[in-house]
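In what follows, a structure is listed as structure tokens, so that the remarks can point back to it.
The values are calculated or read from the model by the stated rules, or taken from the named source; none is laboratory data. As the structure is a computational prediction, the values presented were derived from the model and not from experiment. Because the Cβ atoms are built from the backbone with ideal geometry, glycine has one as well, and the counts that use them run over all protein chains shown.
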Amino acid sequence: MPRPGWKRQPEGSRLTDHLSIGVLTRTFGRDLIDSILVATDRVQQRVRLLPSRVMIYYVLALSLYPQDSYEEVMRHLSEGLRWMDQFQSPWNVPSKVAIFKARLRLGAEPMKRLYEAVARPLAAPGDTGAFYRGLRLVAIDG
């Protein structure tokens, strides 16, 4: 029996899809995204189905679902935002062409600025095992 306040997930959706999108929105907050869009002059001039902020989250979501199609990643994103009560209005997943054009409008500069704003080494200079003879240790997988 569901507890008060619980919401039923849409059929065919997985909780991990929603949590992944939740991590994106918590890690890369709305204020950070908006400031980068203003700094790179990528704020949309008119109301669009795919606003610039959504497209930044979309490009980030592409890395969470590398095996999925453009439309499937957009579905994950829209359902995740709806599940977290951040995206209430009825909305249909745009076509692959619409997504492609929105990514083209966004360009690479906002993603580069976002990386520069948040990418930092996790280990501090005093952490055990983080440095060897004054050099930061790095591991690359793949």
* Scanning for something closer than 16 Å to residue 112 by Cα, touching a residue at least 60 places away in the same chain (Cβ under 8 Å) and loosely packed, with under 15 Cβ neighbours inside 10 Å, does the stretch 38-61 turn up at least one residue? -> yes
* To do: Pick out the one residue from 131, 87 that is out of contact with any Pro (no Cβ under 6 Å at 6 or more places or on another chain), surrounded by 13 or more Cβ atoms within 10 Å (Cβ to Cβ) and modelled with pLDDT under 85.
  => 87
* To do: Could you please find all residues in the stretch 93-142 being farther than 20 Å from residue 63 by Cα and part of a helix (DSSP H, G or I)?
  => none
* Asked: Cβ-Cβ below 6 Å, separation at least six or inter-chain, first residue in the stretch 71-84 and farther than 19 Å from residue 103 by Cα, second at pLDDT 70 or above and part of a helix (DSSP H, G or I): which pairs?
  -> 80/21; 84/22
* Asked: Pairs, please: C-beta under 9 Å, at least 6 apart or cross-chain, first residue within 17 Å of residue 43 (Cβ to Cβ) and in the stretch 97-121, second basic (Lys, Arg)?
  -> 102/48; 105/42; 105/48; 106/42; 107/42; 109/42; 110/42
